1. Once you have the Cα-Cα distance between residue 341 and residue 361, take 0.36 nm times their residue separation minus that, and quote the gain in nm to one decimal.
2. Subtracting the Cα-Cα distance from 0.36 nm times the residue separation, let me have the gained length for residue 381 to residue 312 in nm, one decimal.
3. With angles folded into 0 to 90 degrees, how steeply does helix 196-205 sit against the dominant principal axis of the chain? Use alpha carbons for both and round to 10.
4. Using alpha carbons only, how many degrees (0 to 90, rounded to 10) separate the axis of helix 252-261 from the longest principal axis of the chain?
5. Which of 274, 196, 48 moves the most in a Gaussian network model of the chain with Cα springs under 10 Å?
6. Just to verify a number: FRET efficiency for residue 269 and residue 203, C-beta to C-beta distance, R0 = 60 Å, to 0.05?
7. Multiply the residue separation of residue 403 and residue 374 by 0.36 nm, subtract the distance between their alpha-carbon atoms, and state the gained length in nm to one decimal.
8. For region 299-411, what value does the Rg/Rh ratio take when both radii are computed over Cα atoms and Rh is the Kirkwood radius, given to two decimals?
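Every number in this text was worked out from the coordinates using simple rules, so none of it is lab data. Predicted model, so just to flag it, every value in this text is computed and none were measured. Note: ideal-geometry Cβ built from the backbone for every residue, glycine included; neighbour counts use all protein chains shown.
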C-alpha cells in the first residue's frame, strides 16, 4: 500500500522512483534459531579456543563496537595483538606473516532466509552441487547437518592460515588443514567438547546429543550461527519504520536521500530488495592494494574477485554487493576497505574513474607492519594489471551535487537500527577495543 501511495504522490509532485521500495524486514524473514544454542555460540565467538594457536577469536575481526568489523581496511589476524584499529602485528616468531587480504565483512542480518551467497567473492552459496546443501571451498568434504548458510560460513575462518588456523608447523590444526581442508575441524571439536562447561551445555542445548563425545564441528557451527543471527538481527532502523508506514521516521534530508537512492543516484540498481543487496557481483574499480586474495597459480599480488571462485573471465574484478543495514557503523568501506567514510565510497560509486585517480594511500587504514610494507601497494606499479582493473568497471558516472551527496549519506544513516544498543547477549567484560 505504501509503495502505491508514494508512487501516485510523486507522479504528481516529484520524481517517480526508478526502482520500487522494498517491503520492510520482519521477524518472519529470518531463520528461527535456538536461544540456548545461541548462548553457547556467544561464548565461542569470544573464545580463542577455536583458533589454532588459541590466540584469536571471531570477535577480534568482528567486534560489535566496530560495527561487527575491525575498523581496519585489511585486518591483522593470527599472531596479532590487541583489538580494532589499535591492533598490532606482534613480534618475534609469532608475528603476522600476511595482512588479511580483504576487509572484514559486517555480520548484520546474516540469518535472513533470502540470503543465498556469502563472502566478497561468493565462494559460499546454497547449492546441491556436492550433496551437502552448499557450494563451498570444502566441496564434498563439508560435513552434513549444518542448519544454515551462516553455519557453513562460520567454519571457514577456522581453516584459514592467516585468520585463525595459524602458520604452518605452529599447531595441529594448520597441519591437518594443510593436508585437507576438513581435517582440522574434528580436532577443534574435540578441543571444545573436552572442556567440562562446554560439554555440559552442548548436551543440554542439542536434543540429539546425549554425551559430550557426540559434539562435532556441526554443533559448534550451528551454535555460532544461532548467536550471530540472533545478536545482529537489525530490522528497526528509521528506514524500516518508514517502510512500515511511519512517515515521521525519516527527516526531510533522509527522504530526499531515499528519493535519490531509488532514483537519480541509481544505488538501488544493485542495493535492491529488503536486504538492500542483489547478492550479485559488480566491478567498481576500487583502488587496489594489499596482498589480494590470489589463486594458487597467480604469479603476482592481485585480487580478481569473483573470478577466483568461478574461473570465468567475465567475473574478473567483480565483488558481491554488500547489504546496507547499519552501514554507517561499518567503516572502512569496499572489499578492501579503501574508503574510511561513507562520503568517500558514495563518491566513488558516482564516478569510479575520477575517484581512482584522486585516491591517496593515506586513506587506507593499514597499521604499520614494516616487514610487509614492501608489498602493501606493489600492485599499483603493475601497469598491465592496473589497466585491466580500470577497464572492468560496471557502473556509469552519475552527476550529483554536493548537497545531493549529503542527502544520500543522510539516508544511509537512516539504515542504522536501534536494537544494536541493547543486543540480547552483548560483549563479555574485558573484551572492549
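1. Values: separation 20, 0.36 × 20 = 7.20 nm, distance 1.44 nm.
Taking residue 341 through residue 361 to full extension adds about 5.8 nm, to one decimal.
2. Details: separation 69, 0.36 × 69 = 24.84 nm, distance 2.53 nm.
Between residue 381 and residue 312, full extension yields an extra 22.3 nm.
3. Orientation of helix 196-205: about 60 degrees from the principal axis.
4. 80
5. 196
6. Working: r = 50 Å, r/R0 = 0.83.
Plugging the Cβ-Cβ distance into 1/(1 + (r/R0)^6) gives 0.75.
7. On the way: separation 29, 0.36 × 29 = 10.44 nm, distance 3.99 nm.
Contour length minus the Cα-Cα distance gives 6.5 nm.
8. Working: Rg = 15.4 Å, Rh = 15.9 Å.
Reported Rg/Rh, Kirkwood definition of Rh: 0.97.
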